[in-house]
Amino acid sequence: MDTNEFFELPNEEILKEIRIRKNEDSNLVENQIELFRAWLRNERHLPKDVDSNLLRNFIRYCQCDLEAAKTKFQRYMVNRAKLKNLVPKYELNEEYFKNWVHRCLVPSRYPTPAGLRIGFVGLPADVLDFDIEKLTHYLLTFLDILGTFDCCDGYMGIFDFQNVTTEFLGKLNVKLLIEALDLIFNMSPFHMKAIHFINLPKIPETIFSMVKRLIKGDIVEK
């Protein structure tokens, strides 16, 4: 897959700064990837053909604590599979990405100088275009893309509540929403550096409170 369709990867200068900032030993990370794969071969319930960059992201997230990375990876893969079973399958064609990437989830094409990627999340203006199952499927697909290809230092989310109305709330599958948010914020190998909520009216206060409960306290404070 050509990642340029979605985003540009950090250049070597930014990657070098990230490694220095994290005090990362590249040789140690690569060695742990091999140990990770050896462990996966004995875990029947987990996939074996996992991309090295995804394993690398889990190892980096856990600061080279291999056992912690295994635990987090296992939780992520099991719950990701469970969540995927709750939504229909869609063909990943050009129209699929064109229709959703420009309306519901827009990643910054370029990382910031600090190596962060910004993601903008919103809802379509027309409630008839809102499909929580398709949106969840798209989010899972994009998590796969980020985990497999991206190597940013972290992410900053901007959630726009402008189009959230009672009609939208009536179409929510709360169980699906909670499980998707839990997967993103608490199980994925993506450092959420900060989250901003904009255009927050009174209507979705309940949803806003639910989101905050699923996000780590230090992120909410930021």
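The values are calculated or read from the model by the stated rules, or taken from the named source; none is laboratory data. Note that this is a predicted model, so its numbers are computed, not measured. Positions of Cβ are backbone-derived with ideal geometry, glycine not excepted, and every protein chain shown enters the neighbour counts. Each accessible area value is taken on the protein alone, full model and side chains, heavy atoms only, with ligands, DNA and RNA left out. Shrake-Rupley method; radii C 1.70, N 1.55, O 1.52, S 1.80 Å.
Can you tell me which of ASN57, ASN23, ASN93, ASN53 is open to solvent by 60 Å² or more (accessible area, probe 1.4 Å) and either of a type outside the set (Val, Ile, Thr) or more than 17 Å from ILE145 (Cβ to Cβ) (or both)? Lay out the reasoning, then the answer.
Numbers: ASN57 fails: open to solvent by 60 Å² or more (accessible area, probe 1.4 Å); ASN93 fails: open to solvent by 60 Å² or more (accessible area, probe 1.4 Å); ASN53 fails: open to solvent by 60 Å² or more (accessible area, probe 1.4 Å).
Sole residue among the options that is open to solvent by 60 Å² or more (accessible area, probe 1.4 Å) and either of a type outside the set (Val, Ile, Thr) or more than 17 Å from ILE145 (Cβ to Cβ) (or both): ASN23.
Could you say whether any residue in the range 65-84 is small (Gly, Ala, Ser) and surrounded by 15 or more Cβ atoms within 10 Å (Cβ to Cβ)?
Restricting attention to the range 65-84, the residues satisfying the condition of being small (Gly, Ala, Ser) are 68-69, 81.
Next, only the ones that are surrounded by 15 or more Cβ atoms within 10 Å (Cβ to Cβ) stay: 69.
The answer is yes, given that some residue of the range 65-84 is small (Gly, Ala, Ser) and surrounded by 15 or more Cβ atoms within 10 Å (Cβ to Cβ).
Need pairs with beta-carbon distance below 9 Å; first residue within 14 Å of PHE58 (Cα to Cα) and within the range 29-41, second assigned to a helix (DSSP H, G or I) and aromatic (Phe, Trp, Tyr); sequence gap 6+ or separate chains.
PHE36/PHE58; PHE36/PHE73; LEU40/PHE73
Name the residue that is farthest from GLN162 (Cα to Cα), counting only residues in the range 182-217 that are part of a helix (DSSP H, G or I) and at pLDDT 85 or above.
Residues of the range 182-217 that are part of a helix (DSSP H, G or I), as a first pass: 182-187, 205-214, 217.
Still in the list and also at pLDDT 85 or above: 182-187.
Details: ASP182: 23, LEU183: 24, ILE184: 22, PHE185: 22, ASN186: 26, MET187: 28 Å.
My answer is MET187.
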